[in-house]
Amino acid sequence: MSYTKRVDGRAFDELRPMSVKVGVLENALGSCLFQMGKTKVLAGVYGPRQLYPRFLRNPEKGTVRCFYNMYSFSVSDRKRPGPGRREKELSEKIAQALEPAVMLEKFPDAVVDVFVEIIQADAGTRCASICAASTALADAGMPMKDIVSSVAMGKIGDKICADIDKYEEDYEGGATDIPIAFMPRTGEITLLQLDGEISPEDLKKAISVGREKVKEIYEKQKEALTAKYKGDKQ
Amino acid sequence: MDMIKDKEIVVPGQVLAKGMDFIPSSATFRDGEDIVASRIGLAQVKGRVIQVIPLTGPYMPEVGDVVIGRIVDMNYNGWEIDIGHHIKPFLTVNDVVPKFKQRSSNFDMARIFNIGDIIRVTIIKAAKNDIKLGTRDRTFGRLNNGILVKIPSVKVPRVIGKKGSMISLLKDFSGCRIFVGKNGWIWISGDSDKELMIEKAVKLIDKEAHKSGLTEKIQRLLGIPEEDIKRMKESLLEENSEESVADEIQKVESALPEEEIQEKKPKAKKTTKKGDKK
């Protein structure tokens, strides 16, 4: 069975409508509310601050630590609160995806804490988290090489789709989801995961489509960051 | 060749200029042929030199910075001081009190500095993982009976203003003693209602630092009559009459580069000290 048309009428390489807002939290150094379709993510950045326990400290460069948390009301069935296997793994992955972009050599022994809260989940939460977190890091004034942008690619049936939603993720005809994170300026990949089956050619195609699509996300992130300061600038 | 415009807001990772004709300065780096911004801020093009003036961000200590700190911990050997940086420098008691005084039977460290005290101190070493504080300096000492306001350290030049204009405006208006630490911690001491007024003004400067017409906004906030605001503006323009008026206004409003601030700050401090003695 072939997947001829997407459920919400999007083109196969079309993203869901996005909204990015920075500076939403007063107490955090930097923050971002990132929405992609129905997926809604809030990120806050704190630090750099001293890292405890001490044995985790790296005297060469700082550490990025991420806390990914899903609210119990973020999905239609109640999600049991608290970090489980999935949450801990995703926290690690998000931190790893952000690390190459932040100039951590300026803060040896220190830690930059990134808190990501999933308010509403409709697939692609780790990608939305990475986008929100990197925008929040930039908003915090952290020295960075680039802003990380991320898109949830997928192979639904026999089609390569960009930014898949929950319905497509559960598609009976076979769904493979490939979350990818890029540094848009250089096109370097900072995160690449794959769940399902895909041929090497299709994977290459998915990556190249993703590389083009993150530029759209990057523009939105950039717009949100500059809009905070533009305001009524004369 | 695409080039960034002067005073444009840039985000990290944004290419500011292409080619080897330009030199990257603060908050920028070179990647191959491109000059790239590394922090969110205002781009500044000065001939061939391109730099970014950060709009926010963590405090990066430098040697010679006069900062305001708070004592957060104390042991038999000295005090740990929070200066708004992830490293909390340690101030040894031997640096502060001579040995013979320490031997005295009624010597009490807590009477010199206690936990929670606000002190003013100079940074004499600022390595990546080691910060040392100087004590042989007239700036060193405890600050009593005041309030502490914290703003991002990058906004400090706007609180001081061009040739110290903003800080002297605040001081003249309120009669408060104000010390602005390079780390963005500001200590205000005076009448309690005036203190709160200055706090409000500082918060406004923090919020509107990148916008123009800041001095007037502060003057209005402080309730200075309109005529005086006009007169002050005119006298400011007269002083710099050789340059065009529009240019000058822009210059005053743009964030100041680092080297200008350092010259200014000691002057501002000295004037307060004189005032205190009287």
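Quick note: the coordinates plus some simple rules give every number you see, no bench work behind them. Keep in mind that what you see is a predicted model, and the values were worked out from it rather than measured. A quick note on method: Cβ atoms are made from the backbone with ideal geometry, for glycine too, and the neighbour counts reach across all protein chains shown.
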Check your understanding: Per residue of A:137-150, how many C-beta atoms from partner chains lie within 10 Å of its own C-beta, taken as a mean?
Key -> 6
Exercise for review: Working from the alpha-carbon coordinates of the protein assembly as shown, get Rg over Rh, Rh being the Kirkwood radius.
Suggested key: 1.03
Check your understanding: Given labels modelled 7 Å from the Cα in the Cβ direction, how far is it in nm from B:Arg48 to B:Lys233?
Key -> 4.0 nm
Check your understanding: Given the Cα-Cα distance of B:Ile115 and B:Glu226 and 0.36 nm per residue of separation, how much length would full extension add, in nm?
Key -> 35.5 nm
Point to revise | Within region B:47-87, backbone nitrogen closer than 12 Å to the virtual label 7 Å beyond the Cα of B:Ser105 toward Cβ | key: none
Review point. Looking at region A:1-98, which GluC sites (Glu not before Pro) are DSSP coil and have at most 13 other C-beta atoms within 10 Å of their C-beta?
Key: A:Glu26, A:Glu60
Review point. Using a Gaussian network for chain A with springs between C-alpha atoms less than 10 Å apart, which of these wobbles most: A:Arg65, A:Arg78, A:Arg49?
Key: A:Arg78
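Quick one: compute the contact order of region A:18-228, relative version, from alpha carbon pairs under 8 angstrom and 6+ residues apart, as a percent. Mind dumping the intermediate values first?
Details: 489 pairs, mean separation 47.0, N = 211.
The normalised contact order for region A:18-228 reaches 22 percent.
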Check your understanding: Points 7 angstrom from Cα along the Cβ direction at A:Ser76 and A:Lys38: gap in nanometres?
Key -> 0.7 nm
Exercise for review: With the convex hull built on the Cα atoms of chain A, state its orientation-averaged projected area in nm².
Suggested key: 14.3 nm²
Check your understanding: Using a Gaussian network for chain A with springs between C-alpha atoms less than 10 Å apart, which of these wobbles most: A:Ser208, A:Ser91, A:Ser150?
Key -> A:Ser208
